[in-house]
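Enquirer: Pasting a structure below so you can have a look.
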Amino acid sequence: MNCVDVCPVKDTLELKSLLPQKKRISKKVVAIGVVSIFMLVTGFAMLTGNWQNKITKEEYLMHYKYMNSYGHPTGTKEFKKLNEEVEMNNKNLNK
């Protein structure tokens with residue numbers, strides 16, 4: 001939220017209500033609202049039993065054990081390498 005405070009263009013990143021008064025909504029209220037909505041949706045999904053998946057505990061532990069061998073980028077070096085590979089593939093396709 002610091003970017004809102006230091007933005008050089010006045011009122012570029014502001015949120016106003018839909019009511020005719022068009023009052024400004026504070027950053028704190030927006031943050032609390034977003035967290036509240038997330039918690040309500042997640043809580044409702046947990047209470048209704050829709051939050052769980054069908055993976056067994058053993059399968060989860062097996063995947064957790066081998067998680068680093070799947071090849072997912074986990075750091076900046078891996079993302080940089082992945083981006084370079086994608087750029088090279090795109091250049092080769094456009095030839």
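Laboratory data are not the source of any read-out in this text; all were calculated from the coordinates shown. These numbers were taken from a predicted model, which means no experiment stands behind them. Cβ coordinates were reconstructed from backbone atoms using ideal geometry, including for glycine residues, and neighbour counts include every protein chain displayed.
Enquirer: What is the helix-to-structure angle for 27-47, meaning the angle in degrees between its Cα long axis and the longest Cα principal axis of the chain, kept from 0 to 90 and rounded to the nearest 10?
Expert: The angle comes out near 50 degrees.
Enquirer: Would you list, by chain and number, the lysines whose Cα falls below 20 Å from the Cα of Lys23, excluding same-chain residues fewer than 8 positions away?
Expert: In chain and number order, the partners are Lys10.
Enquirer: May I ask for log10 I(q)/I(0) of the range 1-59 at q = 0.23 Å⁻¹, from a Debye sum over the Cα atoms as equal point scatterers with solvent left out?
Expert: -0.98
Enquirer: Relative contact order of the chain, please, whole-number percent, based on alpha carbon pairs below 8 angstrom and at least 6 residues apart.
Expert: Values: 21 pairs, mean separation 9.0, N = 95.
Dividing the mean separation by the residue count of the chain yields 9 percent.
Enquirer: Whats the longest run of the chain with zero chymotrypsin sites (Phe, Trp or Tyr not before Pro) that are DSSP loop and have at most 10 other Cβ atoms within 10 Å?
Expert: Working: sites that count: Tyr66, Tyr70.
That gives 1-65 as the longest site-free run.
Enquirer: Using only helices, what value at 222 nm comes out for the chain when you add -39,500 (n - 2.57) per DSSP H run of length 4 or more and divide by the total residues, to the nearest 500 deg cm²/dmol?
Expert: Result for the chain: -18000 deg cm²/dmol, rounded to the nearest 500.
Enquirer: Oh, and also: Test of understanding: what is the full-extension gain from Tyr70 to Leu82, defined as 0.36 nm times their sequence separation minus their Cα-Cα distance? Kindly include the intermediate steps, with their values, before the conclusion.
Expert: Working: separation 12, 0.36 × 12 = 4.32 nm, distance 1.40 nm.
Gain on stretching Tyr70 to Leu82: 2.9 nm.
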